[in-house]
Amino acid sequence: MSSVPAAVLTPEAPATAPGGTPRWRDRGLALLPPVLAYLVGHLVYTVAGALVAEPFLPITGRVRADSGLYVKIAEQGYELFLCDSDPVLAPQFAPGAWCGTAGWFPLYPGLIRLLTSTGLGAYPAALIITEVSLLVSFVLLWRLLRDTRRPVAVAVLALATLLPAGVYLHAVFPMALAGALLLGCVTLVAARRWVLAGVAGALVAAAYPMGVAVAAIGFGAVVTLIGRRELRSWAALRAGLAVVGLPLAGLGAVFGLHHLTLGHWNAYLLIQDHYGNGVHNPLHSLAKLAIEPSVIVIAEPRQDLLWVLHTFTDAELWWALVLALLAVAAAVIASGRGRLRPYDAGLALYAVAMFVGPLIAGPGVSQYRSHTLLLPALLVLRHLPARLLWPYAAVAGLIALPMGMLFSTWLLF
């Protein structure tokens, strides 16, 4: 029997990369672009806040109306009651309307509650979840771009940094959390880890109502692989059930939670109904949003800013529509060139679903907030030339800065 130590027979991986540089340095350099994007995003909204004399970086600078509802759910659990039973709320709603916190999804407040059990305050805990999720989002996006030509990859990263409604990715809202889970789902779909991708999709669906559109990513990928005959029979069925069924199960779990805690499985729908949200013709919603002033009520001293709000929320809406169309066009171009990856087809479907879904819910829904979840759809644009992406990114920045200013002045909620 050999007396040679096992460590000699199984040598460790070399500490240097093939080029002779230490591996830790290569890994650090690989993280540099997403970390810079993360910091530049903070800089953009810090400048936006400074332009309206409202500091953005403190916790209070990133808290708006719905932020308090997520924290309230974390601290007190869900509540649902007839608005008529509250003398303050009763005059504001039609008889029989329902009020409470059931109109907001549970994953974000659940994580806040988990962190506060360590002694953290609710708002610091919420912001930590947001910050970590945003950084993870940039890292995952950059990793998915690793085989893309560098000028194009940097342009896509710039688009992610300057997403017109991206201020919500930095705020006490579940948007960054949902974005990180979405990109995690794409990463797992790319690796054909169908069950794990479905689990990530279920978490997205439990984080934000429009997040259930994540099912389109896996569906498009599986259909593409079936068309190429790379998935057959039971393997295709299992993959489809995982990446489509589990996100739907995640949405069902939210309704189940509401049934257990509130006695109404449809508590979310009851709350949305009194806001006029439900099922609408998306074309009618689009026309209403484009023609009529914003439904947000603005205090008298800021009435002169109504046109600013309407101008830039409109611009964000059309920018998002162009993104959905570009995603579809990029997928078609990639398919024609034989470069389409299965998740590209899924992301193109997802981009359309994420744009149309909020319009179906109704013009009263915050379209721009939902549009932050178009973040993973930017990946498909890597099939387009950088000379097209950079002007598009510049337009995004021109919208993002005033949107940040509107957020800082409480004109966006």
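Things worth noting here:
- Unmet criterion (only one of (1) at positive phi; (2) open to solvent by less than 30 Å² (accessible area, probe 1.4 Å)) for Arg192: (2)
- None of Phe105, Phe138 is over 12 Å from Phe173 (Cβ atoms) and of a type in the set (Phe, Trp, Tyr) except Phe138.
- Among the residues of the range 97-147, those that are in contact with a Lys or Arg (Cβ under 7 Å, 6 or more places away or on another chain) and either surrounded by fewer than 17 Cβ atoms within 10 Å (Cβ to Cβ) or within 28 Å of Tyr268 (Cα to Cα) (or both) comprise Thr101, Leu127.
- Picking from residues in the range 76-96 that are within 27 Å of Tyr108 (Cβ to Cβ) and of a type in the set (Asp, Glu), the one that is modelled with the lowest pLDDT is Asp86.
For (1) open to solvent by 40 Å² or more (accessible area, probe 1.4 Å); (2) outside any helix (DSSP H, G or I); (3) of a type in the set (S, T, N, Q), each residue gets a yes or a no:
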position: Gly220; (1), (2), (3): no, no, no
position: Ile226; (1), (2), (3): yes, no, no
position: Arg229; (1), (2), (3): yes, yes, no
position: Ala235; (1), (2), (3): no, no, no
position: Ala239; (1), (2), (3): no, no, no
position: Pro247; (1), (2), (3): no, no, no
position: Ala253; (1), (2), (3): yes, no, no
position: Thr261; (1), (2), (3): yes, no, yes
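- Hits in the range 379-413 (condition: crowded, with 23+ Cβ neighbours inside 10 Å and β-branched (Val, Ile, Thr)): Val380, Ile399
- Per-region count, the range 141-173, residues farther than 18 Å from Glu316 by Cα, outside any loop (DSSP other than H, G, I, E, B) and of a type in the set (Val, Ile, Thr): 2
- Tyr208 meets all of the listed conditions (1) touching a residue at least 60 places away in the same chain (Cβ under 8 Å); (2) open to solvent by 30 Å² or more (accessible area, probe 1.4 Å) but one, namely (2).
The values are calculated or read from the model by the stated rules, or taken from the named source; none is laboratory data. Note that the structure is predicted; figures quoted are calculated from it, not measured. Neighbour counts run over all protein chains shown; Cβ positions are idealised from the backbone, glycine included. Just the protein is used for accessible areas: all its heavy atoms, side chains included, with ligands, DNA and RNA removed. Shrake-Rupley method; radii C 1.70, N 1.55, O 1.52, S 1.80 Å.
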